[in-house]
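Here's the structure we're looking at; comments come further down.
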Amino acid sequence: MTYQVLARKWRPKAFDQLVGQPHVVTALANALDTGRLHHAYLFTGTRGVGKTTLARILAKSINCETGVSSRPCGKCSACTEIDSGRFVDMLEVDAATNTKVDEMRELLDTAQYMPVSGRYKVYIIDEVHMLSRHAFNSMLKTLEEPPEHVKFILATTDPQRLPVTVLSRCLQFNLKSLSPQALAGHLKHVLDAEGIPFEEPALALLARAAAGSVRDSLSLADQAIAFGAGKVTAAQVADMLGAVGGDLVWPLLERIAAADGAGALAEAERISERGLSCDQALQDIAAILHRVALVQHGARLESDDQDSARISALAGQLDAGRVQVMYQVAVLGRRDLQLAPDEIAGFGMAVMRMLSFGTASSAQPMGARGTPAAAPVRVEAGPAASTLREPEPAPIAPSPAPAPAPAFGGDWTEFVERQNLSGMAGLLARYGEMESFEGNHLRLVLPEAHRMYAEKSYQDKLKAALVPQFGAGFRLTVRVGETNGRSVAAVRGVEAQKRLDGAAAALESDPFVRDLVEGMGAQVVPSSIRPAGEKDSEATENRRGKP
Ligand SMILES: Nc1ncnc2c1ncn2[C@@H]1O[C@H](COP(=O)(O)OP(=O)(O)O)[C@@H](O)[C@H]1O
Ligand SMILES: [Mg+2]
Ligand SMILES: [Zn+2]
């Protein structure tokens, strides 16, 4: 007997065998049972989540000899022929390989003929976004005025690439990627039924590696069975996947969260020593941080999630902004692995970045900061780093809120440094350079690159923040124009540049940091983070001598 791959053997033949996708199944079943048939359906979703499977079940549902329903008999010749892909009235095309307009035309020409044995002629067009424009147009004609006996079922992994003309004519269903828990559950069900012994943690590893795809989870299970000579153990699966195994990534993250640099580097070393994949380690770290971020934003952990205690602990220890940055470091670190002198160095750098972004504080006045400590892990990484923490009380500045704010002595930069301006007000204040302050009228200039902070909403926020100090008559005007590098952002940039040498400079001048900061700018709400990228963009600007 030949071995049939699991993904084939376990293709669901009825709606109730599908894993996940309850929203789609319910809607389709209701429509079928109440006789509300549409003439074109579109299934979207990543690979291996059930698009083709659903298309076939739908084809059976409308062609089963026992009648149209959500429970096709599975025994009549229509059902069995559809299951085996031999049904004359079902035409399956893969648009990825048949993009030619002639083929499409030929295919659609057959639409005018009545079905041979079924109730409906069913056209299943997979990866429909791959069709050429002409082929699309040719299909559109039939789609616009389909004969009564024709049903279209389109599937695509990339619905964005479909013309609206097509989208608007289809009833669309979005299939979801499956959670690791759902995939592991399905694997358990399949392996139990196949009589293959397994260890539960092995299934969790396979499920995670499958990244949401049922097909991939089953293919990986096939490999694991072959690899383990008939049984599926966690150690073998970890080996097969080149996985790090949670036991190693967790302590690393926990050391980072505890700001224990030496401990974290030791954990990182253990990972590299074991010859495990650094890429996988970073991927695992990113996956964990993603879950931590979800929890911080109010998501509930699945009750059967074995890692929930550790996730919650990290969510409590790390602040949300820091989690975002660490995530970026992990994701970009993977990309940079190829560019690093070697994998281990690249991985070590990523770990150091995770440590350094967050060990600096933002509220200390410029001059009061010492030189960076010698240990690489305590390096201060400049403004980007300083954006990530709640400001610590500065040693010489008065405590923030209740005390009356110090008067404005005419030096805007120095003044802003002492203020606790956050969010939009803080951004405008930091990027703005003072042009004049006369008759309680403050004029700021913004460099072209930060024109967005000239918007009224930013001005209103800054004005509101300053009125308590300058009185009700205070006026603020902001224009965009030439600057002289005297904004807080620009000054800080230069200062930071001076401070950073040795390891710190290496870290800072790194193009990676720029990516990170740019990435952050797009992701973090201004109020949760002090202006990132100020040094970076402004300093570059000054160097270029931009008008
Ligand atoms: N939702 C699902 N429930 C159960 N098995 C699934 C599901 N989605 C995919 N599979 C498995 O993956 C295989 C391929 O699924 P398929 O429907 O062809 O995916 P695609 O979305 O790429 O068209 C199926 O034969 C089945 O074994
Ligand atoms: Mg498919
Ligand atoms: Zn039937």
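Before moving on, here are some points about what is shown:
- Condition met for Thr46 (under 30 Å from Gln223 (Cα atoms), in the same structural domain as Lys141 (by TED's automatic domain parsing), open to solvent by less than 80 Å² (accessible area, probe 1.4 Å) and in contact with a strand residue (DSSP E or B) (Cβ under 9 Å, 6 or more places away or on another chain)): no
- Taken over segment 2-43, residues that are touching a residue at least 60 places away in the same chain (Cβ under 8 Å), open to solvent by 80 Å² or more (accessible area, probe 1.4 Å) and polar (S, T, N, Q) amount to 0.
- Arg11, sole failed condition from (1) away from ligand 2 (no atom under 16 Å from the Cβ); (2) among the charged types (D, E, K, R); (3) modelled with pLDDT of 95 or more: (1)
- Identity of the residue in segment 76-128, within 16 Å of ligand 3 (Cβ to nearest atom) and basic (Lys, Arg), that ends up nearest to Met139 (Cα to Cα): Arg119
- Counted residues, segment 449-492 - those being open to solvent by 90 Å² or more (accessible area, probe 1.4 Å), part of a helix (DSSP H, G or I) and touching a residue at least 12 places away in the same chain (Cβ under 8 Å): 3
- Matching residues, segment 29-53, being part of a helix (DSSP H, G or I) and more than 13 Å from ligand 1 (Cβ to nearest atom): Ala29, Asn30, Ala31, Leu32, Asp33
- Test: residue in segment 82-95 that is within 16 Å of ligand 2 (Cβ to nearest atom) and assigned to a helix (DSSP H, G or I): yes
- The set of residues in segment 53-68 being in contact with a Lys or Arg (Cβ under 8 Å, 6 or more places away or on another chain), under 25 Å from Asp216 (Cα atoms) and either open to solvent by 50 Å² or more (accessible area, probe 1.4 Å) or away from ligand 3 (no atom under 16 Å from the Cβ) (or both) consists of Thr53 alone.
- Wholly within segment 304-401, helices (runs of 4 or more DSSP H) carrying at least 1 residues that are modelled with pLDDT of 80 or more: 308-317, 320-336, 343-356
A quick yes/no check of all residues on (1) farther than 30 Å from Gln21 by Cβ; (2) surrounded by fewer than 16 Cβ atoms within 10 Å (Cβ to Cβ); (3) not assigned by TED's automatic domain parsing to the domain that holds Ser132:
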| site | (1), (2), (3) |
| --- | --- |
| Val166 | no, no, no |
| Arg169 | no, no, no |
| Ala184 | no, no, yes |
| Arg208 | no, no, yes |
| Arg215 | no, no, yes |
| Ala221 | no, no, yes |
| Ala258 | yes, yes, yes |
| Gly263 | yes, no, yes |
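- Condition met for Ala78 (within 16 Å of ligand 1 (Cβ to nearest atom) and either modelled with pLDDT of 90 or more or not in a strand (DSSP E or B) (or both)): no
- Test result for Val116, in a loop (DSSP other than H, G, I, E, B), touching a residue at least 24 places away in the same chain (Cβ under 8 Å), of a type outside the set (Gly, Ala, Ser) and on the phi < 0 side of the Ramachandran plot: yes
- Sole residue being away from ligand 1 (no atom under 13 Å from the Cβ), over 26 Å from Arg215 (Cα atoms), of a type in the set (Lys, Arg) and open to solvent by 60 Å² or more (accessible area, probe 1.4 Å), chosen from Arg105, Arg71: Arg105
- Hey, Arg56 within 16 Å of ligand 2 (Cβ to nearest atom), touching a residue at least 60 places away in the same chain (Cβ under 8 Å) and assigned to a helix (DSSP H, G or I) or not: yes
- Considering each residue of segment 69-90 in turn, at least one proves to be more than 21 Å from Glu144 (Cβ to Cβ), touching a residue at least 60 places away in the same chain (Cβ under 8 Å) and assigned by TED's automatic domain parsing to the domain that holds Pro147.
- Yes/no for Val68 being in contact with a helix residue (DSSP H, G or I) (Cβ under 8 Å, 6 or more places away or on another chain) and either within 16 Å of ligand 2 (Cβ to nearest atom) or part of a helix (DSSP H, G or I) (or both): no
- Test: Gly212 is outside any helix (DSSP H, G or I) and free of Cβ contacts under 8 Å to residues at least 40 places away in the same chain: no
The values are calculated or read from the model by the stated rules, or taken from the named source; none is laboratory data. These numbers come from a predicted model, not from an experiment. A quick note on method: Cβ atoms are made from the backbone with ideal geometry, for glycine too, and the neighbour counts reach across all protein chains shown. In case anyone asks, the SASA skips ligands and DNA or RNA and just uses the protein heavy atoms, side chains included. Shrake-Rupley method; radii C 1.70, N 1.55, O 1.52, S 1.80 Å.
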